[in-house]
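One structure is given here, and the rest of the page talks about it.
The values are calculated or read from the model by the stated rules, or taken from the named source; none is laboratory data. For clarity, every value in this text was computed on a predicted model and none was experimentally measured. Positions of Cβ are backbone-derived with ideal geometry, glycine not excepted, and every protein chain shown enters the neighbour counts. Surface accessibility is based on the protein's heavy atoms, side chains included, excluding ligands, DNA and RNA. Shrake-Rupley method; radii C 1.70, N 1.55, O 1.52, S 1.80 Å.
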Amino acid sequence: MDFALSPKHEMMKSMFREFAEKEVAPVAAELDEKSEFSWDLFRKMGQLGMFGIPYPQEYGGAGADYLTFVLACEEIGRACTSSAMLLNGQNSINSGPIYRHGTEEQKKKYLVPIITGKALGAFCLTEADAGTDASNQQTTAVLDGSEWVIDGTKMFITNAGLADIYIIMAMTDTGNNSKGISAFVVEKDTPGLSFGKKENKMGVRASHTAEVILQDCRIPRENLLGKEGEGFKIAMQNLDSGRIGVGAISLGIAQAALDESTKYAKERQQFGRPIGANQAIQWMIADMATELEAARYLVYRAAWLRDQKKAHSKEASMAKLFASELAMRASVKAVQIHGGYGYMKEYKVERLMRDAKVCEIFEGTSEVQRMLISRAALT
Ligand SMILES: Cc1cc2nc3c(=O)[nH]c(=O)nc-3n(C[C@H](O)[C@H](O)[C@H](O)COP(=O)(O)OP(=O)(O)OC[C@H]3O[C@@H](n4cnc5c(N)ncnc54)[C@H](O)[C@@H]3O)c2cc1C
């Protein structure tokens, strides 16, 4: 057993950290304040090949492993959660279904532009009445000659309206529950595709979230991904990978909370000595540091299992559950350590606390992760 990152992984981690500190961290607070998606960061990450980290070079990917991708999410997440979400989405849920289930033609047309940074993707599963119960899809797709006609509305979709390529889940066999769902690729300029207003969110404000509206939206028959009825399986398999990414982003948030807290605990003086001299503060820092190590091993191990092509569904849920709840606990503690200053926008910990919350919600809530983990444990 070897707990060390390989020299190559260490090198990639430092490269991602350097990029995060030089390009991402300096603009993160402003992007959050303005609630603005950064096309500039999108371009820079794309040019560096960061959107195709675990994909083969023949499709324009970096040909690296999933652990390398996890290190990227962690380092970018330490600087800006919204930018890490962009990175995670492009490398996993926006591209995975096309890579795993697309035809060669679909891969050339849709996967290559996403992972080479020429196109932004979106993954559309959630609806008003299909959140945790994702199988309750009301969006329908009906075959009409050589076209699929899609009708329905998707909620809370990351990159909706900005993205060029949309992976849409829709019912092709109503009444057949999850087995009646199919996956499709829809291009942005397709007539019948429109977008709702941008959501005004608590956190990850530099990530764009909106509704995707499909009204008599006609797409070519060949835009079906995989086979009819495979959509739910495609979505769930895809979320296993995305969840490891969310776990890694959470590590970045927790690391940032710890970094900010230790710095402040040494600087801030009360009663004539640094607040870090008090056991109350020391214990908060000790818990953050210990839980962060535990979370890191869960996330890295889930990525390693995936790289070994071993079953990793339960481990992805464990990694996401533990790391996201840690990011929340650690960022709340970080605000507490900063006292009143931590409640002010001038200090990074306030943003960390708002951003951490979403990691417990999207790509399956903590409750869903517990359901999946207990189901695996009880069978
Ligand atoms: C910022 C943001 C970005 C997002 N991006 C995307 C995206 O790009 N694509 C996409 O498809 N979706 C996206 N989502 C949607 C996200 O995945 C859903 O919000 C999430 O799955 C929860 O669904 P819901 O909001 O409908 O909550 P609900 O399903 O209504 O759940 C409400 C509460 O009930 C709990 N609950 C529900 N059922 C059970 C149960 N059986 N047992 C115990 N507890 C239960 C939940 O855990 C939760 O606490 C995004 C959400 C956010 C906030």
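Here ILE168, ILE213 are screened, and the one residue that is buried (at least 23 other Cβ atoms within 10 Å of the Cβ) and under 27 Å from the mean Cα position of the chain (by Cα) is ILE168. Scan the stretch 132-154 for residues that are within 16 Å of the ligand (Cβ to nearest atom) and open to solvent by 40 Å² or more (accessible area, probe 1.4 Å) and jot them down. Within the stretch 132-154, THR132, ASP133, ASN136, GLN138, THR153 qualify. Tell me whether the stretch 356-368 contains one or more residues that are open to solvent by 30 Å² or more (accessible area, probe 1.4 Å), within 16 Å of the ligand (Cβ to nearest atom), outside any helix (DSSP H, G or I) and without any contact (Cβ under 8 Å) to a residue 60 or more places away in the chain. Yes, the conditions are met somewhere in the stretch 356-368. Selection over the stretch 224-257 of residues that are open to solvent by less than 10 Å² (accessible area, probe 1.4 Å) and of a type in the set (S, T, N, Q) gives a count of 3. Close Cβ contacts (under 6 Å, 6 or more residues apart or on different chains) running from residues in the stretch 11-27 that are free of Cβ contacts under 8 Å to residues at least 40 places away in the same chain to residues that are in a helix (DSSP H, G or I) comprise GLU23/LYS44.
From the list GLU58, GLU104, GLU33, GLU74, the lone residue that is open to solvent by 20 Å² or more (accessible area, probe 1.4 Å), closer than 23 Å to MET328 by Cα and among the acidic types (Asp, Glu) is GLU33.
Scanning the stretch 109-151 for residues that are part of a helix (DSSP H, G or I) and free of Cβ contacts under 8 Å to residues at least 12 places away in the same chain yields a single hit, LYS109. State whether one or more residues within the stretch 91-100 are open to solvent by 30 Å² or more (accessible area, probe 1.4 Å) and either polar (S, T, N, Q) or within 14 Å of the ligand (Cβ to nearest atom) (or both). The answer is no, given that none of the residues of the stretch 91-100 is open to solvent by 30 Å² or more (accessible area, probe 1.4 Å) and either polar (S, T, N, Q) or within 14 Å of the ligand (Cβ to nearest atom) (or both). On the given criteria, is GLU58 under 23 Å from ILE157 (Cα atoms) and out of contact with any Asp or Glu (no Cβ under 9 Å at 6 or more places or on another chain)? In short, no.
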